[in-house]
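Asker: Next up is a structure, given as structure tokens.
The values are calculated or read from the model by the stated rules, or taken from the named source; none is laboratory data. What you are looking at is a predicted structure, and each value in this text was computed from that prediction instead of being measured. Ideal geometry is used to build each Cβ from the backbone, glycine not excepted, and the neighbour counts take in all protein chains shown.
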């Protein structure tokens, strides 16, 4: 009879330990899911920022080319500053576009659904 009580007590203890382990496991899963959701949200925001930056970069390239061409064609007063600003805007926009595109590709490599 004493052995039966010891066995029952160890069964209860084992059951309690299993329940505790299961609760810890579920808590870890919930935490991992929350962390993954936060990471996905951050990546989505970063991807959207890259797309917006690419639009701004394209506009800068277009404006730079437009300034440069208008100055060369005589549509604007010929001035070296306008030429330099046009060239700088076109080159800067190109570099900015490439940087944003590279960042977006890096984000997309991590999560192709973005």
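Asker: Taking the conditions exactly as written (buried (at least 16 other Cβ atoms within 10 Å of the Cβ), within 34 Å of the chain's Cα centre (by Cα) and either part of a helix (DSSP H, G or I) or in contact (Cβ under 8 Å) with a residue 40 or more places away in the chain (or both)), does residue 95 satisfy them or not? Can you show your working first?
Answerer: On the way: buried (at least 16 other Cβ atoms within 10 Å of the Cβ): no; within 34 Å of the chain's Cα centre (by Cα): yes; either part of a helix (DSSP H, G or I) or in contact (Cβ under 8 Å) with a residue 40 or more places away in the chain (or both): yes.
Considered against the rule, which asks whether it is buried (at least 16 other Cβ atoms within 10 Å of the Cβ), within 34 Å of the chain's Cα centre (by Cα) and either part of a helix (DSSP H, G or I) or in contact (Cβ under 8 Å) with a residue 40 or more places away in the chain (or both), residue 95 comes out as no.
Asker: Further question on the same structure: If you go through the stretch 41-91, how many residues are farther than 27 Å from residue 109 by Cβ and touching a residue at least 60 places away in the same chain (Cβ under 8 Å)?
Answerer: Total satisfying the criteria: 0.
Asker: Turning to a different aspect of this structure: Answer yes or no: is there a residue in the stretch 49-72 that is modelled with pLDDT under 90 and loosely packed, with under 14 Cβ neighbours inside 10 Å.
Answerer: Yes: the stretch 49-72 contains one or more residues that are modelled with pLDDT under 90 and loosely packed, with under 14 Cβ neighbours inside 10 Å.
Asker: Conditions first: (1) under 30 Å from residue 107 (Cβ atoms); (2) at pLDDT below 95. Residue 20 passes all but one, so which condition is the exception?
Answerer: (1)
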